[in-house]
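Written out below as C-alpha cells is the structure these notes cover.
The values are calculated or read from the model by the stated rules, or taken from the named source; none is laboratory data. From a predicted model like this one, the values you see are computed outputs, not experimental measurements. Glycine gets a Cβ as well: all are built from the backbone with ideal geometry, and neighbour counts include every protein chain shown. These accessible areas exclude ligands, DNA and RNA; they are computed on the full protein's heavy atoms, side chains included. Shrake-Rupley method; radii C 1.70, N 1.55, O 1.52, S 1.80 Å.
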Amino acid sequence: MNRSTNKRRVAVVGTGHRGAGTWAGEAIANCAEHVALVGLCDTNQARLDAAAARLGTDAVCSADLDDMLDKAKPHTLVVC
C-alpha cells in the first residue's frame, strides 16, 4: 500500500456497468478511506468520459491500457 496515504491504489479497466458502477462506484462510496481510484481505462472514449464524470474522479483516464498503467501506477487492477 502507498505509505503516504495508506490507501490501496486501484485502477479499473472497462467502464461499463460493472466497471464504473459496481467496482469503481462502490470503492468510492464504501471504501474511500482504504482505496484510492487512480485509473480508468476503456477503448470506448464516450463511455470512459461518462464514467469519469459520473464518478467525479480525478483518476487518470485513458483508452490505452499501457498509458493508464504508466501514469496511474496502481497496486491493483480490476478488469471488467
Q) Checking T15 against (1) of a type outside the set (A, V, I, L, M); (2) open to solvent by 60 Å² or more (accessible area, probe 1.4 Å); (3) assigned to a loop (DSSP other than H, G, I, E, B), which test does it fail? A) (2)
Q. What is the number of the single condition among (1) surrounded by 17 or more Cβ atoms within 10 Å (Cβ to Cβ); (2) without any contact (Cβ under 8 Å) to a residue 60 or more places away in the chain that G21 does not meet?
A. (1)
Q: Identify all residues within segment 36-60 that are surrounded by 19 or more Cβ atoms within 10 Å (Cβ to Cβ) and in a helix (DSSP H, G or I); write none if there are none.
A: L48, A51, A52, L55
(Q) Take T5 and tell me if it is of a type in the set (S, T, Y), open to solvent by 90 Å² or more (accessible area, probe 1.4 Å) and assigned to a loop (DSSP other than H, G, I, E, B). (A) no
**Q.** Conditions (1) open to solvent by less than 60 Å² (accessible area, probe 1.4 Å); (2) part of a loop (DSSP other than H, G, I, E, B); number of the one not met by E33
**A.** (1)
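I'd like the residue in segment 16-53 that is among the β-branched types (V, I, T) and at pLDDT 95 or above and, out of all such residues, is farthest from the chain's Cα centre (by Cα).
Of the residues in segment 16-53, the ones among the β-branched types (V, I, T) are 22, 28, 35, 38, 43.
Still in the list and also at pLDDT 95 or above: 38, 43.
Working: V38: 5, T43: 14 Å.
For segment 16-53, the residue satisfying everything is T43.
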Q) Quick one: G56 ticks every box in (1) at positive phi; (2) small (G, A, S); (3) modelled with pLDDT of 95 or more bar one, so which box is it? A) (3)
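Have a look at A46, A59, A53 and point out the one that is among the hydrophobic types (A, V, I, L, M, F, W, C) and in contact with a helix residue (DSSP H, G or I) (Cβ under 9 Å, 6 or more places away or on another chain).
On the way: A46 fails: in contact with a helix residue (DSSP H, G or I) (Cβ under 9 Å, 6 or more places away or on another chain); A53 fails: in contact with a helix residue (DSSP H, G or I) (Cβ under 9 Å, 6 or more places away or on another chain).
Result: A59 is the single residue among A46, A59, A53 that is among the hydrophobic types (A, V, I, L, M, F, W, C) and in contact with a helix residue (DSSP H, G or I) (Cβ under 9 Å, 6 or more places away or on another chain).
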